[in-house]
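Notes for the one structure printed next.
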Amino acid sequence: MSYDAHNIYYRFDDHLSRLVLDYEASRRVDGASERLYHDIPSEEYDEDIFRACDVKRGLRNADGSGVVAGLTRISDVHGYKRVDGSVVPDEGHLILRGYDIEDLITNAQAEGRFGYEEVAYLLITGELPTAEELDDFNARLGAYRHLSSEFVRQFPITTVGPSIMNSLQRAVLLLYAFDADPDNITPEHEVDVAISLLSRLPRLAAFAQTFHSAQVSGKRASVPIPEAGFSTAEAILQILRGEDGYTREEAMLLDVMLMLHAEHGGGNNSTFACRVLSSSGTDAYSAYAAAIGSLKGPRHGGANAKVMAMHEDIRANVGDWENEDELAAYLEKILRRQAFDGSGLIYGMGHAVYTLSDPRAVLCKRYARGLAQAKGMGEEFELIERIERLAPQVMLDVRGTAKPICANIDLYTGFIYKMLGIPKAMFTPLFAVARTAGWAAHRMEELICSHRIIRPAYRSVLESGAYIPLEERAKRRECIAG
């Protein structure tokens, strides 16, 4: 038995096309209203104004550390030490509820079992589960994976569009309508919603991918009924790999990626967005949808796709990948905005907190190397390692930055997903699927422990002026333009 997306989609195609065409036409309106698109304030603020007003841009201090906005017992992202008031670089560590992420991953891998569910349980409850508790948690996740036929009938309407992340947002908000008490924010209900999303988001993301592919290709798309006892990694690969199947080694590597993405502190943009909305007392679905919207951004979860595009550009423009001088020269061109996308960024390099190393990138390399060799992708893996090795010195030469630059997890994430046969459109959605566990923990901590709505201050630099009567405005503009 499987869900059939084909017939559901095409009932709405003509109507949706008309909406798009009408919207595009509205932007070509002639006359005075065209000024609407030219009068948007576009003047940037001078850097001196930010310094004079002591504005913490991006909620970061001048030394690069984050502005302290709250307290948490959920995780610690360690990348530097403070010695005599100064920031001193240090090896990176990611601590979840007191446990190092490396210990959590290496022990699960050594025992030959999947570990993401254990990490999710740890984040939500604050305790490592016993074998019995973990079995019960896995059973609950399995029971929630099924989606009702009524939801399946409605969901394809919301998947139309190029972004699976946007589809996930709408799907999460649609789940609000299927909750008997959606505005309930008691701890018990919050746990139920968290389990529901941890179970269903992987399938929702896969639904969005397969339904959108069906719409584009005009082919029939089917999504298999979830298998009882599957881990989150297996549930994802079951859908995405379809008839091609997958190996145990591939599922275990995806499980590592889910653990690495499960949580990364309260200060990252999507988690902070979740906490900001939660501080208002709003429902869980609204808070999680906001977090997904934040993660969609190319400066956050969307960075892994940028890294893959950069790798492809390097392979196309560097004749000899093994010639480190040639590769370094091209990295310099990227930094000088002379190559790739003109942003001046070597994507996957550098981090707001980590200095000497990103533990997530270290673990990615450790567990991806063997599969890369087995799949005949060793040369591509070596190219990424060369970029990691050469980029810090190139960045120092071009920019003269004193802060140590290390590879972050994004440098390897896209490559690993590519090895696993996962479409590019799913890279960031998988990040969201994994991070739901961390968002749930932070939302519950905000609701239970903080008791204050988050509302930071903005200092106004607005210039005042005298009101101009409506009939005088056109003439005033003519005088200014003349």
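Computed quantities for the displayed model
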read-out	value
Unmet criterion (only one of (1) assigned to a helix (DSSP H, G or I); (2) open to solvent by 10 Å² or more (accessible area, probe 1.4 Å)) for Gly421	(1)
For Asn323: the one exception among (1) of a type outside the set (Asp, Glu); (2) free of Cβ contacts under 8 Å to residues at least 24 places away in the same chain; (3) under 24 Å from Gly115 (Cα atoms)	(3)
So Asp103, is it open to solvent by 20 Å² or more (accessible area, probe 1.4 Å), in contact (Cβ under 8 Å) with a residue 60 or more places away in the chain and of a type in the set (D, E, K, R)	no
Matching entry among Arg27, Arg60, Arg51 (being at pLDDT below 85 and closer than 29 Å to Arg275 by Cα)	Arg60
Close pairs from the stretch 460-479: first open to solvent by less than 100 Å² (accessible area, probe 1.4 Å), partner charged (D, E, K, R), Cβ under 7 Å, at least 6 apart	Ile468/Arg476
Test: Leu134 is aliphatic (A, V, I, L, M) and in contact with an Asp or Glu (Cβ under 7 Å, 6 or more places away or on another chain)	yes
Hey, Lys306 more than 23 Å from Ile195 (Cα to Cα), at pLDDT below 95 and charged (D, E, K, R) or not	yes
Residue tally, condition open to solvent by less than 70 Å² (accessible area, probe 1.4 Å) and either touching a residue at least 40 places away in the same chain (Cβ under 8 Å) or part of a strand (DSSP E or B) (or both), over the stretch 66-82	9
Selection count where residues are free of Cβ contacts under 8 Å to residues at least 24 places away in the same chain and not hydrophobic (A, V, I, L, M, F, W, C), scope the stretch 288-320	5
Among residues of the stretch 126-147, those that are without any contact (Cβ under 8 Å) to a residue 12 or more places away in the chain and surrounded by 15 or more Cβ atoms within 10 Å (Cβ to Cβ), counted	1
Given (1) modelled with pLDDT under 95; (2) surrounded by fewer than 24 Cβ atoms within 10 Å (Cβ to Cβ); (3) part of a loop (DSSP other than H, G, I, E, B), index of the condition Gly301 fails	(2)
Cross-chain or 6+ apart pairs with Cβ under 7 Å, the stretch 211-223 first and open to solvent by 50 Å² or more (accessible area, probe 1.4 Å), then modelled with pLDDT of 70 or more	Arg220/Ala214
Test set (1) within 22 Å of the chain's Cα centre (by Cα); (2) more than 23 Å from Pro298 (Cα to Cα) - Leu168 fails condition number	(2)
Neighbours by Cβ (under 8 Å, 6+ apart or cross-chain): first from the stretch 390-411, closer than 12 Å to Ile346 by Cα; second in a loop (DSSP other than H, G, I, E, B) and of a type in the set (S, T, N, Q)	Met395/Thr401; Cys406/Thr355; Cys406/Ser357
So Tyr288, is it more than 23 Å from Met419 (Cα to Cα), under 25 Å from the mean Cα position of the chain (by Cα) and in a helix (DSSP H, G or I)	yes
1 or more residues at pLDDT below 90 and more than 18 Å from the chain's Cα centre (by Cα): qualifying helices (runs of 4 or more DSSP H) within the stretch 202-279	232-240
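Results for (1) buried (at least 18 other Cβ atoms within 10 Å of the Cβ); (2) within 22 Å of Lys418 (Cβ to Cβ); (3) among the aromatic types (Phe, Trp, Tyr), shown as yes or no for each residue.
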{"position": "Ala235", "(1), (2), (3)": "yes, yes, no"}
{"position": "Glu243", "(1), (2), (3)": "no, yes, no"}
{"position": "Leu254", "(1), (2), (3)": "yes, yes, no"}
{"position": "Ser280", "(1), (2), (3)": "no, no, no"}
{"position": "Lys296", "(1), (2), (3)": "yes, yes, no"}
{"position": "Ala305", "(1), (2), (3)": "yes, yes, no"}
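Quick grid of which residues meet (1) among the β-branched types (Val, Ile, Thr); (2) modelled with pLDDT of 90 or more; (3) more than 22 Å from Leu277 (Cβ to Cβ):
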position: Ser149; (1), (2), (3): no, no, yes
position: Gln154; (1), (2), (3): no, no, yes
position: Val160; (1), (2), (3): yes, no, yes
position: Leu174; (1), (2), (3): no, yes, no
position: Ile185; (1), (2), (3): yes, yes, no
position: Val191; (1), (2), (3): yes, yes, no
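One line per residue, one yes/no per condition, for (1) more than 21 Å from Ser270 (Cα to Cα); (2) in a loop (DSSP other than H, G, I, E, B); (3) open to solvent by 20 Å² or more (accessible area, probe 1.4 Å):
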{"site": "Phe415", "(1), (2), (3)": "yes, no, no"}
{"site": "Phe427", "(1), (2), (3)": "no, no, no"}
{"site": "Leu430", "(1), (2), (3)": "no, no, no"}
{"site": "Ala434", "(1), (2), (3)": "no, no, no"}
{"site": "Ile448", "(1), (2), (3)": "no, no, yes"}
{"site": "Tyr458", "(1), (2), (3)": "no, yes, yes"}
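The values are calculated or read from the model by the stated rules, or taken from the named source; none is laboratory data. Note that the coordinates shown come from a computational prediction; the quantities given were computed from them, not determined experimentally. All Cβ positions, even for glycine, are placed from backbone atoms using ideal geometry, and neighbour counts span all protein chains on display. Areas reflect the complete protein model, heavy atoms only, side chains present, ligands, DNA and RNA absent. Shrake-Rupley method; radii C 1.70, N 1.55, O 1.52, S 1.80 Å.
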